[in-house]
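Below: the structure, in structure tokens.
The values are calculated or read from the model by the stated rules, or taken from the named source; none is laboratory data. On a predicted model such as this, the values are computed, not experimentally measured, just so you know. In this analysis, Cβ positions are derived from the backbone assuming ideal geometry, glycine residues included, and neighbour counts consider all displayed protein chains.
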Amino acid sequence: MNSSVNSSGRHIRSSTIGLAAAAFISFFIFGFSDVLKGTAIPEIISTTSIGYGGGGALIGFTYFGFFAGTLGSVLLLKKYPAPKLLIFAAVSACAGLWLFSIAAVPAMMFASAFLIGIGGGLIDVTANLTIRMTADSSRIGHRLNQLAFFHGFGAILSPLFAGIVLSLTAQWRRIYFFAALLTVLLVIVIFVLIRKADIRQLKEETPEKLTIHPGVILLGGALFFYMTLEAGISGWMVEYGKNSVGIGEREALFYLSLFFILLTAGRLLSSFYVDRFGLYRSILLNFIVIFVFVAGGVTFKFLFVLIPCSGLFMAPIFPTTVALISNELDSSNIRILGFFFAIAGLGGIFGPWMIGLLAAEFSLQTGLTLLMAFTVCAVIICGLYTFTGRMRKHKGKEIQP
């Protein structure tokens, strides 16, 4: 009797470890494939008919796919378990990379970007849900931080990988070709890990009803403008460094890696002060510091290094805002939070696209001044959130006898 119980326990533990490993690998693919667009954009613009406007739209189309992936996951999760959907998500990202490597016309490039975005959006939701299903309740936060690390690790390696490929072949399509080969190997590993696991023994999150109030809407707006910043910087920084600041390609790619190194390190550092300082105050203060760094880096070219350094202060905003939304809704259900991930995806579409349009009319430096405008909008939203919070507290006191 005891031996069968022990055997069952070991089987469940083996399944949860395998599924967690699959989620970590998929998040590496998410970070790695997502950042490739920023490394290839300068080469795409210089060697094809796509200008700044088209380049901005191409970056934005990835986030349009992300928006579709996160929103679609809410429906797909009703029919398929998260781990199985994770395989489809990884395959989608891999297919997008391969299609990009053979893209001969802009339409194929946009379709490829959309596929990569769909894969990223589905991975974001299903990997989070897989970790929640496999981790002990007391260690969910720790596991989710580990998951975020793998996204950052992929994002850091992506520009370095692109730099090596460009130095060897000098062809941007080769970046996507070799990235697709690497991803195929990782998808096979994910498939084997999930195939071996016993998904039936895992607990699914029960669906909850979404309750909206002004405070939650404003926090969704904060996520939107955060993503305009992250997508705008990661999408256009290499091109700006090369053609506006005048630095070399490898140096520009290094700065993109530095941005994600600081973004990843900042997530670790912020875990020591966010709860003590307060979620809302942490978000507001970091947005203000980001404004100073972005304004300095865009206005004065010799201060360009401030743009990648802003990653250190951008790091805590997304997870802290999601935590604040969870507090407002009194829920951490990933199906509900997936709705807000989709709103963030819209910011990822809007930011790079608007920067590209302004760059096409004037210059990329002018386009990047929108980063300052996006940050100001985020700070205003934080102020409105404070105001609505006070109004709700005041109404609550009036209702009490």
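Taking Phe100, is it of a type in the set (Phe, Trp, Tyr), assigned by TED's automatic domain parsing to the domain that holds Gly56 and buried (at least 24 other Cβ atoms within 10 Å of the Cβ)?
So Phe100 passes the test.
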Item to complete: For Gln365, state whether it is under 17 Å from Trp236 (Cα atoms), polar (S, T, N, Q) and either modelled with pLDDT under 85 or under 28 Å from the mean Cα position of the chain (by Cα) (or both).
Response: yes
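Would you confirm, using the coordinates I've provided, whether Ser158 is among the hydroxyl-bearing types (Ser, Thr, Tyr) and buried (at least 21 other Cβ atoms within 10 Å of the Cβ)? Break it down stepwise before answering.
Details: among the hydroxyl-bearing types (Ser, Thr, Tyr): yes; buried (at least 21 other Cβ atoms within 10 Å of the Cβ): yes.
Yes.
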For the range 279-298 the number of residues that are under 11 Å from Met372 (Cα atoms) and in contact (Cβ under 8 Å) with a residue 40 or more places away in the chain is 7
Reported set for the range 216-251 where residues are aliphatic (A, V, I, L, M), out of contact with any Asp or Glu (no Cβ under 8 Å at 6 or more places or on another chain) and surrounded by fewer than 23 Cβ atoms within 10 Å (Cβ to Cβ) is Ile217, Leu218, Val245, Ile247
